[in-house]
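Before any comments, here is the structure.
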Amino acid sequence: MSESERRFRYVSDRVLVDAGRILDPQFDDALVYLTGAQVEMLRNVSQYLDRRQTYVTNYGPGYYLCPADEDFDTILAIAADLEETLMGNPNTIWGYFDRVAETDFAISTGDALTVVESTHVPAGEVWVMNVVQSFHSDATPRSCTIAGRSAAAAVAMNFNAAQTEDEMLLWTGSIILKEDDYVRCSATNLATGETIIGTFWGYKMKVPE
């Protein structure tokens, strides 16, 4: 495409997008919360994203140059991916809608493991656990495990650490849980009558039907 074909004059009601910021974005990928109205706005705006004159590669006096073919092909692919997301791709998770804030406790009966768990994730949701904290009241150091588990297998972080009466096992990060998954804290060989407490913090996301 020649430079003359790439020239467009400025029009006051035309929204111009800097092509360089699309091809080399200034932001990392992110999960964001959007209201229904905001999604509808973005759906409509996306109809303009496949027009070459929407994008600016070079600014000139009274005119600008739109992207060359190679760059515009890349932009079109990005726009198509956005449009697929906005139009309701069933594999897209639509961000934060509520928080997880739970505490569970159990009293040891002298068995090998004393376990506390978060609520199991219900159908239609994905949970992201960001903080898991475990404490037990046995003054003797014990092995303690934090795990994200499903009915079949572990889905995320597992590690062990000794705890005492004055210490807590604290994990921060991102454990992603699907339907029927949960987070478990377990302590080994607690004395009979000792307590283990687990606290779980994170957020919930709705999965579109």
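Structure values in brief
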item	result
Alpha carbon convex hull of region 48-87, volume per residue in cubic angstrom	59 Å³
Whole-number percent relative contact order across region 1-142, with pairs defined as alpha carbons under 8 Å at least 6 apart	26 percent
Ratio Rg/Rh, restricted to region 1-100 and using Cα atoms, in which Rh is the Kirkwood radius	1.04
Taking all pairs of distinct alpha-carbon atoms in region 96-140, Kirkwood radius in angstrom	13.2 Å
Pairwise FRET efficiency - Thr119 versus Val32, Cβ, R0 = 25 Å, nearest 0.05	0.50
Highest-first arrangement of 21-34, 124-137, 70-83, where packing means the average Cβ count within 10 Å	124-137, 70-83, 21-34
Extension reserve of the Asp98-Lys204 stretch, reckoned as 0.36 nm per residue once the Cα distance is removed	37.6 nm
Estimated FRET transfer efficiency (Lys178, Thr85; beta-carbon r; R0 25 Å; 0.05)	0.80
Cβ-derived FRET efficiency at R0 45 Å, Leu170 paired with Met41, nearest 0.05	0.65
Amide hydrogen neighbours beyond the local backbone of Leu190, cut-off 5 Å, H modeled	Thr114
Computed label-point distance, nm, for sites Asn189 and Glu3 using a 7 Å Cα→Cβ extension	8.0 nm
Paramagnetic reach from Thr57 (point 7 Å along Cα→Cβ, amide N under 15 Å) across region 1-20	1-8, 17-20
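No value in this document is a laboratory result; all are computed from the given coordinates. Being a predicted model, the structure only gives us computed values, none of them experimental. Positions of Cβ are generated from backbone atoms using ideal geometry, with glycine treated the same way; all protein chains shown enter the neighbour counts.
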